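Shown next, in structure tokens, is the structure this report addresses.
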Amino acid sequence: MSAPDRTRVGAATSDVLAAGFSTEPYWTDGLPPFAPPRRNIGERADVAVVGGGYAGLSAALTLARSGKSVAVFEATRVGSGASSRSAGSLGHVPKAGLADLKARYGESVAHRVYVEARQAREYVETLVREHQIDCGLRTSGRFIAAHSERTFAKLRDSLPELQDTWGAVELVPREAQRAVIGSDAYFGGLRLATAATLQPALLHRGLARAAVSAGAHVLQETRVTDISHDTSGFTVVTTAGAIKASAVVIATNAETGCETPTLRRLRRRMAVIPAYVVVTEPIAPDRIRRILPSNGPVSDTCKIIHYMAPNENGQRLVMSARAGRSDGGLHEKARRVFGYFAARFPDLQGVRVTHCWTGRFALPSDWIPHVGIEDGLYYVLGCCGTGVPMSTYLGHKLALKILGQDAGSTVFDRPLPPMSAWKRSPALLPLAVRAYDLRDRLFR
């Protein structure tokens, strides 16, 4: 996600926005800049990684721990992009539905996508514990709330397959949902026994430290301007000079540029979607329990989902919604995102919003992430707003693939499919989002 203009107002601008409302991420409040040790990387590395987000750092960590020399080039600073701008969800709910995946790729692939989504979440949890990353990891259940009777029926029909791929999944009828969420606005839903949330900026920082400790070089404010290939390998040209590498990993997701024909081609296969996150002021524990009795995240079944969860210490609520919409600046966006939930959760009345920020994620036409090789360049791209689990997991998988290990095999190793120009047009994106919203409303 790209950093927006810094805006801070000194007083509340409405009953919803708190005094001191900020348009910078809550996660980075008071967090000092990442400052890796200065080391000479030389003129050659085994692997050059373009992008210092979850995917790039995860790949660098796995490669460095296997003895490879790795140079990570981050165009801005570690923590300024998408990896610190998410809502902190460590879930395993793919953006693509089972029915859509079956229609496109067949039942076997659809099944494996859902199995590996769970494995991605489990991998990140293991990584956090192994490297003792203090990122407020909170494990809980998750509730997927049906926004209509029709979608509840679809959830009911998919229950056996979801139990097969995800394990403990429970169907919750509407009359029993108050035990999970403090709302009567939904039509029941699914309760997943295993899900998690975390502080994404601290996870990102911990992953960077782990990669550096393993021997990887992380170069901040170093933009890659060209990549060429000859018989001796790749030449990666940056704003700080050039380096030779045997392999190159593209892990830039929504920030994939147009520096080379290959990058331009990959960039044209993804739509870049603006996303928005809201954080509330601290809320009394008894009120939090009334809003979310299960103490875990809730999302709905709309195509452009609405998501809410406790923050890393359980004292605030984190909300995400209205991705891709063009309905005003961040002050208005905060009111609208919070307003959606306040209209459905009565105990939110009177709560104020302290933060609202934006960023971007990349969405392929099939709504699943991809790893692959294009013109000799390895890539992890199109993580669909599920970057905390999927980018971290697939960065690791891609590193294993580079190392020639069978464990690098993944269902997400498939070429990025083509995408029509109109589908990735920023000008037409709000219309596409409205079409999805209309579909959710008409086919309730």
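The values are calculated or read from the model by the stated rules, or taken from the named source; none is laboratory data. Computed from a predicted model, the values in this text were never measured in an experiment. So basically every Cβ, Gly included, is an ideal-geometry build from the backbone, and we count neighbours across all protein chains shown. Side chains are part of the model used for accessible areas, which takes the heavy atoms of the whole protein and leaves out ligands, DNA and RNA. Shrake-Rupley method; radii C 1.70, N 1.55, O 1.52, S 1.80 Å.
What the table below lists for this structure:
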{"item": "Elements of type helices (runs of 4 or more DSSP H) in region 14-133, at least 2 residues being in contact (Cβ under 8 Å) with a residue 24 or more places away in the chain and either crowded, with 24+ Cβ neighbours inside 10 Å or in contact with a strand residue (DSSP E or B) (Cβ under 7 Å, 6 or more places away or on another chain) (or both)", "result": "54-65, 107-130"}
{"item": "Pro293, sole failed condition from (1) assigned to a loop (DSSP other than H, G, I, E, B); (2) within 22 Å of Lys95 (Cα to Cα)", "result": "(2)"}
{"item": "Residue match in region 395-409 (condition: touching a residue at least 60 places away in the same chain (Cβ under 8 Å), open to solvent by less than 10 Å² (accessible area, probe 1.4 Å) and not in a helix (DSSP H, G or I))", "result": "no"}
{"item": "Top-ranked residue of region 289-320 - restricted to ones that are among the β-branched types (Val, Ile, Thr) and open to solvent by less than 10 Å² (accessible area, probe 1.4 Å), ranked as farthest from Met419 (Cα to Cα)", "result": "Ile291"}
{"item": "Given (1) in contact with a Cys (Cβ under 8 Å, 6 or more places away or on another chain); (2) outside any helix (DSSP H, G or I); (3) at pLDDT 95 or above; (4) of a type outside the set (D, E, K, R), index of the condition Leu363 fails", "result": "(3)"}
{"item": "Which numbered condition Cys302 fails, given (1) at pLDDT below 95; (2) of a type outside the set (A, V, I, L, M); (3) not in a loop (DSSP other than H, G, I, E, B)", "result": "(3)"}
{"item": "Hey, Lys95 more than 22 Å from Asn313 (Cβ to Cβ), modelled with pLDDT of 95 or more and of a type in the set (Lys, Arg) or not", "result": "no"}
{"item": "Residue list for region 321-338, restricted to those being open to solvent by 40 Å² or more (accessible area, probe 1.4 Å) and over 17 Å from Thr354 (Cβ atoms)", "result": "Arg322, Arg325, Ser326, Gly328"}
{"item": "All strands (runs of 3 or more DSSP E) inside region 138-240 with 1 or more residues being at pLDDT 95 or above and among the aromatic types (Phe, Trp, Tyr)", "result": "138-145, 233-238"}
{"item": "Which numbered condition Ile368 fails, given (1) open to solvent by 10 Å² or more (accessible area, probe 1.4 Å); (2) in a loop (DSSP other than H, G, I, E, B); (3) farther than 30 Å from Arg290 by Cβ", "result": "(1)"}
{"item": "Residue in region 314-326 that is touching a helix residue (DSSP H, G or I) at 6+ places or on another chain (Cβ under 6 Å) and in a strand (DSSP E or B) present", "result": "yes"}
{"item": "All positions within region 269-286 that are under 18 Å from Pro417 (Cα atoms) and modelled with pLDDT under 95", "result": "Ala271, Val272, Ile273"}
{"item": "Selection within region 241-279 - over 12 Å from Leu363 (Cβ atoms), open to solvent by 30 Å² or more (accessible area, probe 1.4 Å), of a type outside the set (Lys, Arg) and in a strand (DSSP E or B)", "result": "Gly241, Ala242, Ser246"}
